[in-house]
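Here's the structure, in C-alpha cells; my notes come after.
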Amino acid sequence: MSNENTLSRRGLFMNIGMLINGLVAVALALPIMRFLLSSVTRGHGNAYLSWVPVGRVSEFPEGETRLATFRNPYVMPTDGKTVDTACWVRRIAGDQFQVFAVNCAHLGCPVRWFPQSGLFMCPCHGGVYYRNGSRASGPPERGLFEYPHKIENGMVTIQAGELPTPGMPVALSEKKPPCAG
Amino acid sequence: MTQIGEWFDRRLQLAAPIREASEHAVPRSTASWFYVFGSAALTVFILQLVTGILLALIYVPSASEAWSSLQALNHDVTLGWFIRALHGWGSNFMVALVLIHMVQVFLFGAYKFPRELTWIVGVFLLLMTLGMAFSGQVLRFDQDAYWGLGIGASIASRVPILGPAIVKLMLGGPIIAGATLSRFFALHVFVIPGMLIGFVCLHLLMVLKLGINEWPMPGRLVKRATYVSEYHELTKKDGAPFVPYAIWKDLFFAAFILLAVAACALYFGPFGPTGMPDPTIIQTVPKPDYFFLWLYALLSLLPPSLETPVLLIGPVLAIIGLLLLPFLSGEGEKSWRRRPIAVLTVLLIAIMLSTFTHLAGYTPWSPHMNAWSGDPVPERFLHGATALQLQGALVFQAKQCRNCHSLGGLGGQRGPALDSVAVRLTQDQLIRQVIQGGGNMPAYGKNLSPAETTAIVAFLKTLHPAGQAPARDAARDVVLRETGTGTHP
C-alpha cells in the first residue's frame, strides 16, 4: 500500500476544511463586492439624477450668461462644500435657456465666461467655447456639457447629479444648440 | 547586558540570521556611491511612514473638515507645518530617488538574469510610489486636489464602455465629495502602504538572496548557464562583508538625503493647502504636483484626436515594456559603455520629461485669464497712434485678445505674439483672421461690430518693428488703381 496515492483520514479532513473555507470565502466575497461596487450599482441608469432649481427666471437677464449654483441632489453627511456646484446659465430670450456645466469638456477644469468677447475659456489646457457652448478652439473634442432644463413655477430647473465627464453616456450629451449665436 | 540579549535571542533566534545577512560577502566593486539610491529611497519611505502617522494624529479625512484640519496643522499645532513640510518634501524626494535608482539599475544591467523578478517588483514599487504621490495630493483636499480629481475622472471616463462605472467607483459616488476623499484616504493610508511594505520586503529579500549586482565590466557577458557560479567566484575572490565594508556609504548618503529633506522643509515650508475645495469658486487655475507636470503638459500638446488613445494605451504599453524588459534582454552585456541604445533611451526619456515639466512651469498653452484687464499695452505701440488705432488698442484689450496674444512679452502665449504681426499678415489677412478665426483661434465675427473690426485691424497694422514695413498685398494696389479707388490706405 503506497501512501502517495491514497488519501489518509487526516488528509481528507484537511481537504474538507479547505473546501469549507473556500465556500465561506465565496459567500463573503459576494457582499464585499456588492459593498465595493455600491457607488456604481446605485447609480444605475439615471438614479443619481434629479431636477434641481438654479434660480428664478427673472434673475437671468435676457441675452446674458450668469454663474448660478445649485446643491447636488445626492448628499452624504461629510460632503461639506463639495456638493455645492456651479453652472453657467445663458438666457437667450424669454424662456429659451441653455445651462452649461462649468467643467471643460477636455479634462473637467472650470471654464470662465468672458462676456466682452462672448467666449468661455479654460485655464488648464486652453479650451475655448463660443457663447452657445460649441467648441471654438483648443484641445476639447466637443462643446460644453449641457444640462437638460425646464422652467417650472418661474424657476429654471436642471437635471443634474453626476460629475460631467467626456465619457458619460446620455444625460449630458452634446445637443444642437437652440440658437447659434 | 549580554545576558539580557542572550535571553531574548534564545527565544527569538534572530541574531544568527541577522548577522549572516549583514555580513554576507558582496563584490568589493559594489561598495560604490552609485549603489546608494535604493537604500536612500527606503530611508525616505520610513520617514514618510513616520511623518504620515504623525499627520494622521490631527488630519481629518472628511470633505467638510480636511481643509480646516490642514490649516490647523499649518498654523495652530506646534510644528505641524514642519511635519507637513517633511511629508510633502519627502514625497518629492522619494519619487526622485526611486526614479534615479531605476535609471542606475537599468544602466548597470542589474535587471538581467537572475534578478528579473527584483526588477519586476521594482516596477510595481515605482507604480505604488506614484500612486502614493497622487493619492497624497488628493488628501491635501484643496482646489488643486478637487480639480485634479476631476481631471483624473475625465481621463478614466474615456475608457470604452466601462468608463462611467470606473468614474463612480473612483469617486465613490456621482460627484467628487466626501466618499471620494474617504476612499483616497483608505488607499493612501492602508492599501498602498501595506502593499509597499510587502513589496519592499520582497525586493530586499531578493537582493539578499541573489546578491548585489557586481560592477559591470564591458565585455563580461551574462549567461544563464554560468552567471551564478561566476558571481559566487567573484564574491569569494574579491568580496567583502556588506557590513561595514559597503554600508557606510549608504548610511552617509541616507543621512545626507534626510538632511536635504529637512532643509527643504525648513526653507520652503509645507505645500498648500491652496483655496478651499468649494466647486462654486471657479476662479482657480488647477495644477498638479511636480511629478505629474509632464503629464499636464502632454495633455495640452497632444492633438485632440490622439489624446484618448495615448492616455489609455500609452501607460499600459509603458508598464508592459518595463515588465518585459528583463525577458527581452535578460542576458548579454551589462555595462552602459557598450549599450548605446540603453543610454540614448534614458537620455531621451529624461529630456522629454524635463522639457514637458519645464513647459508646464509656465503653461504657454493656457490663456492668461487676467491679461486683458491687467497687462498694459506697451507705450511704444501707442506713441503717435491715431484715434482709430487707439480705439483698436482698446478693442484689442476689451475683447480679451491679450489673454492669448502677448505684446511686449506680456500676455498669453496660446497664440503667436503680435509685436510684429503686421509684417506677417496683410490687412485683408488680418480681417479674415479676426472675423473667421482658424488655426486654433476662435472666430470673432459675431462678437465684433464692423466699427470694432476696422479699429482693431487699424491697430494691428501698426504692430511692426521700426525698420520693417508692414506686409501688403501687391495685387490690392493694382486692383484699387484700376478701379479708380486707389486712395484707400
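Summary table
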{"quantity": "Residues of type lysines that A:Lys150 reaches as a straight line, Cα spacing below 29 Å, ignoring anything fewer than 8 places off in the same chain", "calculated": "A:Lys81, A:Lys175, A:Lys176, B:Lys168, B:Lys446"}
{"quantity": "Values of log10 I(q)/I(0), in the order q = 0.10 Å⁻¹, for chain B under a Debye, Cα-only, solvent-free model", "calculated": "-0.94"}
{"quantity": "Principal-axis tilt of helix A:9-36 within chain A, Cα atoms, nearest 10 degrees", "calculated": "10"}
{"quantity": "Exposure proxy ranking, count of Cβ atoms within 10 Å, fewest first, for B:Lys112, B:Lys209", "calculated": "B:Lys209, B:Lys112"}
{"quantity": "Gain on full stretching of the segment that runs from A:Asn5 to A:Asn153 - 0.36 nm per residue minus C-alpha separation", "calculated": "45.1 nm"}
{"quantity": "Distance between modelled label sites at B:Leu130 and A:Met18, nm, 7 Å Cα→Cβ extension", "calculated": "3.8"}
{"quantity": "Degrees, to the nearest 10: B:340-362 long Cα axis against longest axis of chain B", "calculated": "50"}
{"quantity": "Convex hull volume per residue in cubic angstrom - Cα atoms of the protein assembly as shown", "calculated": "261"}
{"quantity": "20 Å cut-off, amide nitrogen to a point 7 angstrom out along B:Val50 Cα→Cβ, residues in the stretch B:96-113", "calculated": "B:96-98"}
{"quantity": "Spatially proximal aspartates and glutamates relative to B:Lys287 (Cα-Cα < 12 Å; intrachain offsets below 8 disregarded)", "calculated": "B:Asp142, B:Asp144"}
{"quantity": "Sites B:Lys237 and B:Val423 - FRET efficiency at Förster radius 41 Å, r taken between beta-carbons, to 0.05", "calculated": "0.05"}
{"quantity": "Theoretical gain in end-to-end length, B:Gln436 to B:Ala25 [0.36 nm per residue, Cα-Cα removed]", "calculated": "140.5 nm"}
{"quantity": "Among A:Met33, A:Met14, A:Met121: highest mean-square fluctuation, GNM of chain A, C-alpha pairs under 10 Å", "calculated": "A:Met14"}
{"quantity": "Qualifying aspartates and glutamates (Cα of each under 20 Å from Cα of B:Lys112; at least 8 residues distant if same chain)", "calculated": "B:Glu214, B:Glu230, B:Glu233, B:Glu331, B:Glu333"}
{"quantity": "Cα centroid separation - the stretch B:242-260 against the stretch B:464-483, whole Å", "calculated": "72"}
{"quantity": "Counted charge near B:Gln429, where neighbours are those whose Cβ lies closer than 12 Å (Asp, Glu -1; Lys, Arg +1)", "calculated": "+3"}
{"quantity": "Per-residue average of Cβ from other chains inside 10 Å of B:362-374", "calculated": "3"}
{"quantity": "Helix B:116-139 vs. chain B, principal-axis angle (Cα, 0 to 90°, nearest 10)", "calculated": "50"}
{"quantity": "Pairwise FRET efficiency - B:Lys446 versus B:Ala474, Cβ, R0 = 41 Å, nearest 0.05", "calculated": "0.80"}
{"quantity": "Which of B:Val95, A:Val75, A:Val128 has the fewest Cβ neighbours within 10 Å, and the rest in rising order", "calculated": "A:Val75, B:Val95, A:Val128"}
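Where a number appears in this text, it was derived from the coordinates with a stated rule and is not lab data. These figures come from a predicted structure and were not determined experimentally. Positions of Cβ are generated from backbone atoms using ideal geometry, with glycine treated the same way; all protein chains shown enter the neighbour counts.
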